[in-house]
Amino acid sequence: MAKGNEKMPGASLVREIHEKHFGGDPRVFLAPGRVNLIGEHTDYAGGFVMPAAIDFGTFASASARSDGRVEIWSQNFKEGVAFGADELPGTRRKRWPDYPLGVVWALREAGIEVPGFSMVLEGDVPLGAGLSSSASVEVAVAVALLSLAGAEMERTAIAKLCQKAENEYVGASCGIMDQFIACHGAEDHALLLDCRSLQYRLAPIPRHVSVVIANTMVKHSIAGGEYGIRRAEVEEGTAILRGHRGGIAQLRDATLEDLERWGGEMAENVMRRCRHIITENLRTVAAADALAAGDLKKLGDLMAAAHVSYRDDFEASCEEADIMVDAARCLPGLIGARLTGGGFGGCTVNLVEEEAAERFVKQLGEEYRAATGIEAEIYRCHASAGAHSVENGG
Ligand code: ADP
Ligand code: MG
């Protein structure tokens, strides 16, 4: 069934839960989930991605404790954890507390004295659906604890710290995109990020555009293995190009002319993987330019081309995702649609005219069900702000 926008639980509810569990007068922060509009598998090639923060997010409330203890309640899991001042687990336990505790660990590694605290986590980002609930938790926890510790940290440094928590403590390999957009997102904007330099620029998404995220509800089991294979293929192709032109440190440095000259020396599939990444980088920068120019038609064309490239050259789509994208293409109000995320299932992202969005969601769900027998979850969002304090009600 299509799922419309669920109102966020609100800071006042989180404050209430905090007071009930712990007493005290908490500070409350909110960090968003995200969706990548364009730029797939470009991150590890040093290239470009263009995510937007969404209006699904995670609240973290925090109040200081005088006994040095750390107590965290997850409203989503209806479960709490508590540790004495010196008994924080040094390693992961493969459960939700790893995420907040990983951030405590990373803050301490960075030399920040995190005092004892009580915390409530509550979010409406669907878990494991590809909207990065994990980064929203990490960043919400980080800004809450930095505030409690009275420490200042630049937003990019916060993003890197949270990525480190996820990589080294939680033990999940992820790039910088999710934490970066949770920190730097801006209302009614997408963010073009250079994954190598971490320079970025915002690109406006008009208010009349809805971001519709459609979960195919499938994740093919080949996804994990294929990811590693793609990375190896990309590395193989990059090495061949680098052999001819030393300036190609990463595939992001290569041009289509390079590929035309030397792609024949690659296995055919390797050449196509490289072609996807080289053209995807061009499309992603062009998509930011199209948004800046208010050219939504161009943006839609770029998203369509990105899907075709992801499907045919990178071979990272699947039947269900193709059905979802093809169904969207025929519906009124569509600006652009493509498979987003690591591939082989997961979500499609659709930019849709706001006035048509409600019907779009309903029809997309129906067509997908008719074709696959699967009930998709479909979320209507808007591009939203990065992590912020919701001290006064929010
Ligand atoms: P995704 O980031 O795509 O949603 P992940 O597997 O990376 O999926 O992260 C999901 C995990 O993050 C959850 O299983 C849980 O451990 C943690 N998490 C997310 N949101 C919350 C929350 N509100 N409270 C506690 N833990 C959460
Ligand atoms: Mg995640």
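The values are calculated or read from the model by the stated rules, or taken from the named source; none is laboratory data. Given the structure is predicted, the values throughout are model-derived calculations rather than measurements. When we count neighbours, we look across all protein chains shown, and the Cβ atoms used for this are built from the backbone with ideal geometry, even at glycine.
Residues are listed down the side, and each one gets a yes or a no for (1) touching a Phe, Trp or Tyr at 6+ places or on another chain (Cβ under 6 Å); (2) modelled with pLDDT under 95; (3) assigned to a strand (DSSP E or B); (4) under 19 Å from residue 181 (Cβ atoms):
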| site | (1), (2), (3), (4) |
| --- | --- |
| 320 | no, no, no, no |
| 331 | yes, no, no, no |
| 347 | no, no, yes, yes |
| 351 | no, no, yes, yes |
| 357 | no, no, no, no |
| 366 | no, no, no, no |
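Within the stretch 83-111, the residues that satisfy the criterion of being more than 15 Å from ligand 1 (Cβ to nearest atom) and among the aliphatic types (A, V, I, L, M) are 85, 88, 106, 107, 110.
Kindly check whether there is at least one residue in the stretch 245-252 that is in a helix (DSSP H, G or I) and surrounded by fewer than 20 Cβ atoms within 10 Å (Cβ to Cβ). Among the residues of the stretch 245-252, not one is in a helix (DSSP H, G or I) and surrounded by fewer than 20 Cβ atoms within 10 Å (Cβ to Cβ), which makes the answer no. When residue 229 is tested against the conditions (1) under 30 Å from residue 371 (Cβ atoms); (2) in contact (Cβ under 8 Å) with a residue 12 or more places away in the chain, the lone failure is (2). In the stretch 164-205, the qualifying residues are those that are of a type in the set (D, E, K, R) and within 12 Å of residue 134 (Cβ to Cβ), and the one that is nearest to the chain's Cα centre (by Cα) is 178. For residue 115, the test of being surrounded by 15 or more Cβ atoms within 10 Å (Cβ to Cβ) and either within 11 Å of ligand 1 (Cβ to nearest atom) or among the small types (Gly, Ala, Ser) (or both) is failed. Taken together, the residues in the stretch 347-382 that are of a type outside the set (A, V, I, L, M, F, W, C) and without any contact (Cβ under 8 Å) to a residue 12 or more places away in the chain amount to 3.
Of the residues making up the stretch 132-143, those that are more than 6 Å from ligand 1 (Cβ to nearest atom) and either over 15 Å from residue 162 (Cβ atoms) or aliphatic (A, V, I, L, M) (or both) number 6. Take residue 154 and tell me if it is within 16 Å of ligand 1 (Cβ to nearest atom) and charged (D, E, K, R). The answer is no for residue 154.
Just name the residue that is farthest from the chain's Cα centre (by Cα) out of those in the stretch 210-261 that are modelled with pLDDT under 95 and hydroxyl-bearing (Ser, Thr, Tyr). Top of the filtered list is 221. Each residue in the stretch 144-174 was checked for being surrounded by fewer than 18 Cβ atoms within 10 Å (Cβ to Cβ) and touching a strand residue (DSSP E or B) at 6+ places or on another chain (Cβ under 8 Å), and 1 of them qualify.
Consider the stretch 122-138 and keep the residues that are small (Gly, Ala, Ser) and assigned to a loop (DSSP other than H, G, I, E, B). The one that is nearest to ligand 2 (Cβ to nearest atom) is 132. Within the stretch 289-302, residues that are part of a helix (DSSP H, G or I) have Cβ atoms under 8 Å from residues that are of a type in the set (D, E, K, R) in these pairs: 290/298; 302/283, counting only partners at least 6 apart in sequence or on another chain. Yes or no: residue 141 within 11 Å of ligand 2 (Cβ to nearest atom), under 24 Å from residue 83 (Cα atoms) and either within 17 Å of the chain's Cα centre (by Cα) or surrounded by fewer than 21 Cβ atoms within 10 Å (Cβ to Cβ) (or both)? Spelling it out, it is not the case that residue 141 is within 11 Å of ligand 2 (Cβ to nearest atom), under 24 Å from residue 83 (Cα atoms) and either within 17 Å of the chain's Cα centre (by Cα) or surrounded by fewer than 21 Cβ atoms within 10 Å (Cβ to Cβ) (or both).
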